[in-house]
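A short write-up of the structure that comes next.
The values are calculated or read from the model by the stated rules, or taken from the named source; none is laboratory data. Small disclaimer: the values here were computed from a predicted structure and weren't measured. Don't worry about glycine lacking a Cβ; one is built from the backbone with ideal geometry, like all the others, and counts go over all protein chains shown.
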């Protein structure tokens, strides 16, 4: 019967209900979009790192997985690393962030192709001049360019030599020598990928390299993939917590206002229920049940809107803003919305409970 | 002689209006035996509504003794009065006071739910009451789809659904036209005669009061006269 009462109350004021649900949905969407973006970016990073075909990643001393120090390693270390036991191939890349989560990678196309199995060209071909770049299909879609077109990066116009299928290291590639020239990092690389005779030797080789190259950042690719998480992106976790907090505040304020209005509008109805002997807990449960419904509706709409956000981001920036749908966060975002909604209903509920039945019945 | 179902002794009620204390009741004494149909009449400000609200457990007395259905309302708190409203009395109001978003059936079911009774199927004797009230075919309509007379009949049905010992009616014909007023009054009298339903009705309409077994006249917070309707028998059988 409580459900019936709540359902009819919610249905009877569709505009208020829809607005409340929509406003509660906003923080749910915000949370899910942010988490989806983080996870999408990390998942994309994992796929791209796996696409390199390497078994070990080698970085300069103090290097971390998700940050780059341009040109922090001497390029000659690539040849040194090739002489290590079990290492059959090594290639260095020079990474330069270009804004947001994007970066351009300077590569030795022949070496990188040998390690990764080579690019699959959707359009065009490999580097032929120092001004050539390769971009993947997502970045091409994002920048709306085709092979043969121009693209401005690092204050320089590049010629798009080819468009490749995504999933290998990065979205943008330039000749290593060109990048070294532009960045003033001649003879330097940011990181070195090593391919072993057998991937099973990765842990042993990493251990041996760590002894020989103490303080350097050395990870097996499988270890690296396991370490790519929200925690490895500086301040991302804090940012997520801020968004969660904002979600709680919005949900609390919306439901509190909505239920406050509802209690005022239903003063007489509350009086009627009290005249029938409704207890305080019954009245409170009605208010809380309605808040629950609004919170639940907001959660569902918020989840649906996260799909819309994903589609919108994919349409605008598929390479820079890869968004995943993270199902495991649905209950968390829903919990935030529902918790805030229930919290917001407490004061209006207490108002309703305290109403004098005679005054409530006299309310017009 | 059995105890009256409503027993009021030296009842006083004061309202605080700003810094001024307003005495609404000044030492009311009243007994209502089980099965009686009692009208309380009086002008505005006579205290009849206050007496009604105290007997119905809507507000506590300031002093005196009020025993309703064996429960001493002077000694119980808010939860005790809530319990009284849930189990012992049923209200019928001038403005019907049906829950506007619910059908007649759901209004009745809500009362049953609150009183802790089964709500899915109406009992046989209650179905008889619905037939007597003439609303058996209107149960799936909302108040906005019903006439005032129909709404008041639904309100009576809702009040009786929980089998309360006492039906409290506050100006039940105040918002009805003459024909519907007459019908509602006859229904109340019939419920009293056929089912032995104790009814306490307040009204400022002397004609309406004539349908009761006894009329209590109030003025300035006291009972000034008790009378028996002269034409009580002349009203004839109903339905």
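In the set A:79, A:102, which member is touching a strand residue (DSSP E or B) at 6+ places or on another chain (Cβ under 8 Å), without any contact (Cβ under 8 Å) to a residue 60 or more places away in the chain and either buried (at least 19 other Cβ atoms within 10 Å of the Cβ) or at negative phi (or both)? Quick ask: steps written out before the conclusion?
Numbers: A:102 fails: without any contact (Cβ under 8 Å) to a residue 60 or more places away in the chain.
Answer to the selection: A:79.
Counting just the residues of the range A:8-57 that are touching a residue at least 24 places away in the same chain (Cβ under 8 Å) and within 14 Å of chain B (Cβ to nearest Cβ), which one comes out farthest from the chain's Cα centre (by Cα)?
Top of the filtered list is A:9.
Residue check: is residue B:130 more than 14 Å from chain A (Cβ to nearest Cβ), touching a helix residue (DSSP H, G or I) at 6+ places or on another chain (Cβ under 8 Å) and assigned to a helix (DSSP H, G or I)? Write out each step before concluding.
Numbers: more than 14 Å from chain A (Cβ to nearest Cβ): yes; touching a helix residue (DSSP H, G or I) at 6+ places or on another chain (Cβ under 8 Å): yes; assigned to a helix (DSSP H, G or I): yes.
Yes, satisfied.
Quick test for you: out of B:62, B:87, pick the one residue that is away from chain A (no Cβ under 13 Å) and touching a residue at least 24 places away in the same chain (Cβ under 8 Å). Full working, then the answer.
Numbers: B:87 fails: away from chain A (no Cβ under 13 Å).
Going through B:62, B:87 in turn, just one is away from chain A (no Cβ under 13 Å) and touching a residue at least 24 places away in the same chain (Cβ under 8 Å): B:62.
Just checking, which of A:77, A:31, A:24 is farther than 30 Å from residue A:305 by Cβ and either modelled with pLDDT of 90 or more or part of a helix (DSSP H, G or I) (or both)?
Details: A:31 fails: farther than 30 Å from residue A:305 by Cβ; A:24 fails: farther than 30 Å from residue A:305 by Cβ.
Exactly one residue qualifies, and that residue is A:77.
Of all residues in the range A:301-315, how many are under 15 Å from residue A:41 (Cβ atoms) and touching a residue at least 12 places away in the same chain (Cβ under 8 Å)? Don't jump to the end; show me each part of the working.
Within the range A:301-315, the subset under 15 Å from residue A:41 (Cβ atoms) is A:309-310, A:313-314.
With the extra rule that they be touching a residue at least 12 places away in the same chain (Cβ under 8 Å), the set shrinks to A:309-310, A:313.
Residues meeting the conditions: 3.
Would you kindly identify the strands (runs of 3 or more DSSP E) lying entirely within the range A:116-195 that contain at least 3 residues that are surrounded by fewer than 19 Cβ atoms within 10 Å (Cβ to Cβ) and in contact with a strand residue (DSSP E or B) (Cβ under 7 Å, 6 or more places away or on another chain)? Reasoning before the result, please.
Values: elements: A:121-124, A:132-136, A:150-153, A:156-164, A:172-175.
By residue number, A:121-124, A:150-153.
How many of the residues making up the range B:73-84 are touching a strand residue (DSSP E or B) at 6+ places or on another chain (Cβ under 7 Å) and more than 13 Å from chain A (Cβ to nearest Cβ)?
2
Can you tell me which condition residue A:101 does not meet? The list is (1) closer than 24 Å to residue A:317 by Cα; (2) within 14 Å of chain B (Cβ to nearest Cβ), and all the others hold.
(2)
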